[in-house]
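The values are calculated or read from the model by the stated rules, or taken from the named source; none is laboratory data. These numbers were taken from a predicted model, which means no experiment stands behind them. Reconstructed Cβ throughout: ideal geometry from the backbone, glycine too, with neighbour counts over all protein chains shown.
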Amino acid sequence: MARIVPLHPDQHSKLKVKDGAEFNLVEAEHIIPLVVHEFVAAATDMPIVFVKNSDTGQFQAVAMLGVKPGENVYVNDGKWLGMYVPAILSQAPFRLMPNSHNQDQLMLAINEESELASSGEGELLFGDDGEPTEYLKKRQKGVETFFEHNQVTQGFVALLAEMELLVERTLNIDVDGEKINLSGVYFVDEEKLGSLSDEKFMDIKKRGFLPVIYAHLISLNQIRRLGQLKADRARD
């Protein structure tokens, strides 16, 4: 469960937060959003693909953590089994939310139900004077940076869609001899990428997105690993 509320010294003067991540909250999530700044690091550990929101038609970059909805082969008994931890998981228990007085502004909020937040262990968020501690300033900066990275990622994905570089693929994953077909995932089409005009290709390069695209393509080699991890889990 989650109870997201604005962070305020009056309500949270005694609250402490431990660093960490709540992996148990995503053990039933087979995809997790990624930002472009982590593609290279994530590519050696998990497949990076794109999915399409059927309601809005917008694409999103995600890491595949399971071969079907409702499973996550990277989490077992609340422990992370992978080498790379997606950045979105390290933001807990904080997030940004619209300011109730001005919807155009964002404010720092906290999940009061998080196992990382309590009056016992961890770092205080506010001093006796009600001012944010250095720890809270550092965490807020991290959340704001992640938000900025997410904005860049949205622009990157929108550019891929605008250039019609994303194509739908059906994945065939082998799990101990059983073939599992997974649809609704999108890849960057290498042939279309190579046939772009010089102007469009240079636009992608100048924006610094070429390494991101190549990391995505390299990460697809990890799809076989998903099948292996699922098979290993079934044998445990």
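Remarks
- Verdict on residue 71 being surrounded by fewer than 19 Cβ atoms within 10 Å (Cβ to Cβ), touching a Pro at 6+ places or on another chain (Cβ under 9 Å) and assigned to a loop (DSSP other than H, G, I, E, B): no
- Where residue 83 falls short, out of the listed (1) crowded, with 19+ Cβ neighbours inside 10 Å; (2) closer than 30 Å to residue 228 by Cβ: (1)
- Candidate set: region 198-236, residues that are within 22 Å of the chain's Cα centre (by Cα), of a type in the set (Gly, Ala, Ser) and assigned to a helix (DSSP H, G or I); chosen: the one farthest from residue 177 (Cα to Cα): 215
- Looking across region 135-194, the residues that are modelled with pLDDT under 95 and assigned to a loop (DSSP other than H, G, I, E, B) come down to 176, 177.
- Taken residue by residue, region 94-104 has at least one member that is crowded, with 16+ Cβ neighbours inside 10 Å and basic (Lys, Arg).
- In the condition set (1) surrounded by 14 or more Cβ atoms within 10 Å (Cβ to Cβ); (2) part of a loop (DSSP other than H, G, I, E, B); (3) under 15 Å from the mean Cα position of the chain (by Cα), residue 63 is compliant with all but (2).
- Sub-6 Å Cβ pairs linking a first residue in region 179-192 that is free of Cβ contacts under 8 Å to residues at least 60 places away in the same chain to a second residue that is part of a strand (DSSP E or B) and not polar (S, T, N, Q), at least 6 apart or interchain, are 189/167, ordered by first then second residue.
- Yes/no for residue 120 being exposed (fewer than 15 other Cβ atoms within 10 Å of the Cβ), within 21 Å of the chain's Cα centre (by Cα), of a type in the set (Gly, Ala, Ser) and not in a strand (DSSP E or B): no
- Positions within region 22-42 being modelled with pLDDT under 90 and either of a type in the set (D, E, K, R) or surrounded by fewer than 17 Cβ atoms within 10 Å (Cβ to Cβ) (or both), in sequence order: 22, 24
- Single match in 55, 45 (criterion: at pLDDT below 95, in a loop (DSSP other than H, G, I, E, B) and either among the charged types (D, E, K, R) or closer than 15 Å to residue 88 by Cα (or both)): 55
- Matching residues in region 1-41 - criterion: being assigned to a helix (DSSP H, G or I) and farther than 27 Å from residue 51 by Cα: 9, 10, 11, 12
- Taken over region 166-189, the criterion of being of a type in the set (Gly, Ala, Ser) and on the phi > 0 side of the Ramachandran plot is satisfied by 177, 184.
- Contacts under 8 angstrom Cβ, first residue in region 207-236 being touching a residue at least 60 places away in the same chain (Cβ under 8 Å), partner surrounded by 14 or more Cβ atoms within 10 Å (Cβ to Cβ) and acidic (Asp, Glu), 6 or more apart: 222/45; 227/174; 230/71
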